[in-house]
1. Pop out the carbon and sulfur fraction of the accessible area of the stretch 70-135 as a percent, whole number, probe 1.4 Å.
2. Compute the angle between helix 3-22 and the longest alpha-carbon principal axis of the chain, please, reported from 0 to 90 degrees and rounded to the nearest 10.
3. Label-point separation (nm) for GLU272 and GLN181, each offset 7 Å from Cα along Cα-to-Cβ?
4. Provide, for q = 0.06, 0.13, 0.14, 0.15 Å⁻¹, the log10 of I(q)/I(0) from a solvent-free Debye sum over equal Cα point scatterers in the chain.
5. If r is the Cβ-Cβ distance from THR45 to ASP118 and R0 is 51 Å, what FRET efficiency results, to the nearest 0.05?
6. Show that you can apply the helix-only estimate: for the chain, add -39,500 (n - 2.57) for every DSSP H stretch of four or more residues, divide by all residues, and state [θ] at 222 nm to the nearest 500.
7. Please compute the volume of the convex hull spanned by the alpha-carbon atoms of the stretch 203-325 and report it per residue in Å³.
8. How big, on average over all directions, is the shadow cast by the Cα convex hull of the stretch 284-370, in nm²?
Amino acid sequence: MRNWRAKTAAIAAVSALALVSACGSDDNGNDDGKGNGGGDAGDGTTLSGSLTGAGATFPNPLFQEWIAEYSENVQPGVTINYQSIGSGGGVEQFLGETVDFGSSEEYLDDEELGIASDGRGCEAVQFPVVFGSVVIAFNDPALDGMVLTSEAIAKIYDREITNYSDDELRELNPDMDLPDQEILPVHRSDGSGTTFVFSHYLNTEVPAWAEKYGEGKEIEWAEGTLGGDGNEGVSQNIAQNPGGLGYVNQSYALELGMATAHVVNSDGNAVEPTLEATTAASEEAEIPENFQFTIDGIGGDGYPISGTNWIFTYACGYEDNTAEILKDFWTWAMSSDEADELATELGYAPLGPDLKERVLEQIERTNNEG
């Protein structure tokens, strides 16, 4: 597996954010220097130029692998800089037109679509590109496979359950020797689509959570919890603190070899967060024409805390070459066997064939009014 590229690029991308933010952009929201050379790669023409994107840390390991493969072996003249700054930052930068594309685990709602349309003078285009799971990861390897319910997770983050030896956890795990260890719940401190997926799950499943905390990219967390920036920061805080427990994208847990929980779904099945379980969950999603959807009430063999990553572009305002690169890259990501293989290596579930066809049509709307 080529995860070393993702690790290195993730660090570099975050460091590059300040530089990119400081750079000027033209009236179309594109960085200076874009638009040189290029053509339609669909007819075999070689493209050259650069793109910038920003947003979710959830797909960052995969995006870095996709970008590396595309830039090395598909279009060597293209450079793509994706900044893993969190879904909230990605939406903000997309609506502010400081990047070419945005990324989030929460779709743009009607209000945000209105802001995009008013600012750009045309519609925003949004489409899902991959499914993934949000896992509960532990500091202690001996806790791998520990069973948790939505109610237990909510109580841990509400600080109602504060020790791994709590009676409710023992009842769920009668065959596991749970330690007398205080639990340190770790959460995202930045605006995060991963937080949206996690909190949406609890908001849907646990009435007490819905009443007290709700759902969103940012939550007013209980005292006694610890925040971290990005999936990277949460993973680090879990690993460095005895008793650490937190929610992260499955690929980060796989990459770091972290112990993870089996979570009970709506059919009462304790499900391990595997690729197959994520795929099973994604197949239960009802996806409307506008691609505004969540994955709820997962049963069967599906892992219940599953989400989607969306990409945002505009229907106008790009220089022609920038638009061609945008469409070519995301078309490659949605139609290439290599792109799917990279996704499955990292624990993400590629879209199904029928959904891919719908997404490819949506990608073509990029700059179609330009």
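The values are calculated or read from the model by the stated rules, or taken from the named source; none is laboratory data. All values derive from a computational prediction rather than experimental measurement. Counting neighbours? That spans all protein chains shown, and the Cβs are built from the backbone with ideal geometry, glycine included. The accessibility values were calculated without ligands, DNA or RNA, using every heavy atom of the protein model including side chains. Shrake-Rupley method; radii C 1.70, N 1.55, O 1.52, S 1.80 Å.
1. 43 percent
2. 60 degrees
3. Label-label distance for GLU272 and GLN181, simple model: 2.0 nm.
4. -0.22, -0.98, -1.13, -1.28
5. With R0 = 51 Å, the Cβ-Cβ based efficiency is 0.90.
6. The helix-only estimate for the chain comes to -11500 deg cm²/dmol at 222 nm.
7. Once divided by residue count, the hull of the stretch 203-325 is 183 Å³.
8. 6.5 nm²
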